[in-house]
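Engineer: Before anything else, here's the structure in question.
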Amino acid sequence: MTTVVKLQDVSYTYPSDEVVKPAVSHVSYSVEQGEWIAIVGHNGSGKSTMAKLINGLLFPSEGVVELFGQPLNEDTLWESRSQLGMVFQNPDNQFVGATVQDDVAFALENNGIVYEDMVERVHSALQQVQMADFLNQEPHHLSGGQKQRVAIAGAIAMRPKLLILDEATSMLDPQGRREVIQTLQMLRESSEVTVLSITHDLEEAMLADRVIVMNGGEKFLEGRPEEVFANREQITKLGLDLPFAANVANLLRARGVDVPATIMSEKELVEALWTLHSDK
Amino acid sequence: MLEKMIFGRYIPGDSIVHRIDARAKLIFVFLFIAIVFLANSWITYGLLILFTLFIVRLSGIRFYFIVMGLKPVLFLLIFTFLLHTFFTKEGTVLLDLGFTEIYTGGVIQGVFIAIRFFVLVVMTTILTLTTTPISITDALELLMNPLKKIKMPVHELALMMSISLRFIPTLMDETDKIMKAQMARGSDMTTGPFKERLKAVVPLLIPLFVSAFKRAEDLATAMEVRGYKGGEGRTRFRQLDWKMRDTGAIIVLLGLAVALVLLRS
């Protein structure tokens, strides 16, 4: 397995900060190829700063960020960026092209891909996010979820090794969020892409192989989603909302109904509830 | 709001005019503007009108849209007509109004200028109605490419243009939203004296500017992450394809020019 991202004791302090408090402080972790990592934390926990450190919009004040085995600096920046796709929060503000296909082609154009190759890649990327029927649509005729799917297509058209989602679902309505999450799940099954998803939606984090919880710029918890979210009190104290099913299970347990403490998804909850009586 | 704008509006279609290369269309319109000045008699102006109507016919655009395109310049058209009618003193007196006389030469001159205006506006309207703004931008970029030699930032200008075009509907929506939000807070933008209404626009413009700057910053970040570092080494996804029919269109126009030269008095 190759390491895609490696952070070694990384700290970053914004230059304008009056109170000298680092936005990210002494964070280390690594992401292996094909992994799906979720970074969660409430506002100001440093998770967005971390995304900027990984894509080279910011350089760490201390420590080293390694991308694809190379330390990220001004010399390796553009090469690394061509292997990295990113989807941002606001669906409108990252749509560069006049139409769907122009937008998907934008990164390809920037990297000097030849025309014939571009057409093929644009089509296959749009197929992967199920937006192939919208080739010539203009952005203002698309819903938020559709725009985000186009943004994902734009990112994967470059066949990146790493896909970073910076709160990509936080401005969407539930319908749009579902669309995007489904697209991501399908992508994950069909390709080898490594995903680093920054989110405060714990249901989205549940899809990950590994979750890193950030608090006050520090890495607070790390582990498989079930393990991490088993620390319910701590998670709630950090201001994160547990998934609905987990909350229900919690409340049931408080009322003395004997359901397991590890319930995270609706499916598990239903499973526990309908077998509750027969297991006794 | 958007529906009212005819400028820059594209009417989809599959006519020969739609399919002609945007570069050919641009060259065509520019040449046409020059050629119009060759006409100086009834027969040549008549020919211009016929030619223009022929193009309108070819484009398959409903006449309603052409009229809508003419509306904003109608005033100018009438104004220049009247100006020439009253101030050109040639030929014989047609009408004596007491304070001034109208000459036949004046009326003829007025009609000619009006025709000139009419054909120019119709032609440019056809250009924008049958060509998407983005194709026009592409065509401009490619046609101006030689200017790169004299350090003209052609690529940057074209990108600026295409991004502005892409954000027009987004900002329109935003304006609408802010307007409603301010109205909900009791701001009155549609009634009252002009000065008051002007003042009411300020709380509309400030949030709009703030959000536009925010969008610009986000967009710049997104572009940078997607590897944008200027026009150097970039390839093009939108390809323009110059075909025989594009050369044909220009030749037809040159034919018109020759006819005008031969027929002018």
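The values are calculated or read from the model by the stated rules, or taken from the named source; none is laboratory data. Not measured: the values here are computed from a predicted model. As a convention, Cβ positions derive from the backbone with ideal geometry for all residues, glycine included, and neighbour counts pool all protein chains shown. Heavy atoms of the whole protein, side chains included, go into the accessibility calculation; ligands, DNA and RNA do not. Shrake-Rupley method; radii C 1.70, N 1.55, O 1.52, S 1.80 Å.
Engineer: Quick one: if you stick a label point 7 Å off each Cα along the C-beta vector at B:Ile206 and A:Asp133, how many nm between them?
Structural biologist: 4.6 nm
Engineer: Rank A:Val114, A:Val40, A:Val65 by mean-square fluctuation in a GNM of chain A with C-alpha springs under 10 angstrom and give only the top-ranked residue.
Structural biologist: Top of the fluctuation ranking is A:Val114.
Engineer: May I ask you to derive the relative contact order of the range A:139-240, considering only C-alpha pairs under 8 Å and at least 6 residues apart, and to give it as an integer percent?
Structural biologist: Reported relative contact order: 22 percent.
Engineer: When only the heavy atoms of the protein chains count and the probe is 1.4 Å, how do B:Phe81, A:Phe244, B:Phe167 rank by accessible area, highest first?
Structural biologist: Sorted descending by solvent-accessible area, the residues read A:Phe244, B:Phe81, B:Phe167.
Engineer: For the pair A:Glu189 and B:Tyr64, what calculated FRET efficiency results from E = 1/(1 + (r/R0)^6), where r is the Cβ-Cβ distance and R0 = 41 Å, to the nearest 0.05?
Structural biologist: E(calc), rounded to 0.05, equals 0.20.
Engineer: Can you send over the carbon and sulfur percentage of the accessible area for the range B:167-225, probe radius 1.4 Å, protein chains only?
Structural biologist: Answer for the range B:167-225 is 68 percent, counting heavy atoms of protein chains only.
Engineer: Would you mind calculating the relative contact order of chain A from Cα pairs under 8 angstrom and at least 6 residues apart, reporting the percent as a whole number?
Structural biologist: 22 percent
Engineer: Hey, what's chain A come to in accessible area per residue, 1.4 Å probe, Å²?
Structural biologist: Computed with neighbouring chains in place, this is 46 Å² per residue.
Engineer: Build a GNM of chain A with springs between Cα atoms under 10 Å: which of A:Arg188, A:Arg255, A:Arg178 gets the top mean-square fluctuation?
Structural biologist: Comparing A:Arg188, A:Arg255, A:Arg178 in the GNM, the peak value goes to A:Arg255.
Engineer: Okay, moving on. Any idea of A:Lys21's accessible area? Nearest 10 Å², probe 1.4 Å.
Structural biologist: Taking all protein chains as shown, A:Lys21 has close to 110 Å².
Engineer: Same structure, new question: Note down the net charge around B:Ile108, summing +1 for each Lys or Arg and -1 for each Asp or Glu among other residues with Cβ under 14 Å from its Cβ.
Structural biologist: Its environment carries a net charge of +1.
Engineer: Mind checking which lysines have their Cα closer than 22 Å to the Cα of B:Lys199? Skip sequence neighbours fewer than 8 apart in that chain.
Structural biologist: B:Lys177, B:Lys180
Engineer: Return the FRET efficiency for the residue pair A:Glu222, A:Asn43: r is the Cβ-Cβ distance, R0 is 25 Å, and the value is rounded to the nearest 0.05.
Structural biologist: For A:Glu222 and A:Asn43, the calculated efficiency is 0.80.
Engineer: When Cβ neighbours within 10 Å are restricted to other protein chains, what is their mean count per residue of peptide A:86-99?
Structural biologist: For peptide A:86-99, the averaged partner shielding equals 6.
Engineer: To continue, here is another question. Indicate the gyration tensor shape class of chain A (rounded, prolate or oblate), computed on the Cα atoms with a ≥ b ≥ c the square roots of the eigenvalues: a/c under 1.5 is rounded; otherwise a/b larger than b/c is prolate and the rest oblate.
Structural biologist: Oblate shape, in that a/c is at least 1.5 and b/c is the bigger or equal ratio.
Engineer: Per residue of A:110-118, count partner chain C-beta atoms within 10 Å of its C-beta, then hand back the mean as an integer.
Structural biologist: Whole-number average of other-chain Cβ neighbours for A:110-118 is 4.
Engineer: Chains A and B: how much accessible area gets covered up at their contact, both sides added, probe 1.4 Å, in Å² to the nearest hundred?
Structural biologist: Result for this pair: about 2800 Å² buried.
Engineer: If you count only protein heavy atoms with a 1.4 Å probe, what accessible area per residue comes out for the range B:159-265, rounded to a whole Å²?
Structural biologist: 63 Å²
Engineer: Can you give the calculated 222 nm mean residue ellipticity of chain B, where each DSSP H run of n ≥ 4 adds -39,500 (n - 2.57) and the sum is split over every residue, rounded to the nearest 500 deg cm²/dmol?
Structural biologist: Taken over chain B, the calculation gives -24000 deg cm²/dmol.
Engineer: With every protein chain kept in the model, how would you rank A:Tyr12, B:Tyr10 by accessible area, 1.4 Å probe, largest at the top?
Structural biologist: B:Tyr10, A:Tyr12
Engineer: Holding the Cα-Cα limit at 26 Å, pick out from B:Lys25/B:Lys71; A:Lys147/B:Lys148; A:Lys147/A:Lys219 the pairs that are longer than that.
Structural biologist: As for pairs spanning more than 26 Å Cα to Cα, those are A:Lys147/B:Lys148; A:Lys147/A:Lys219.
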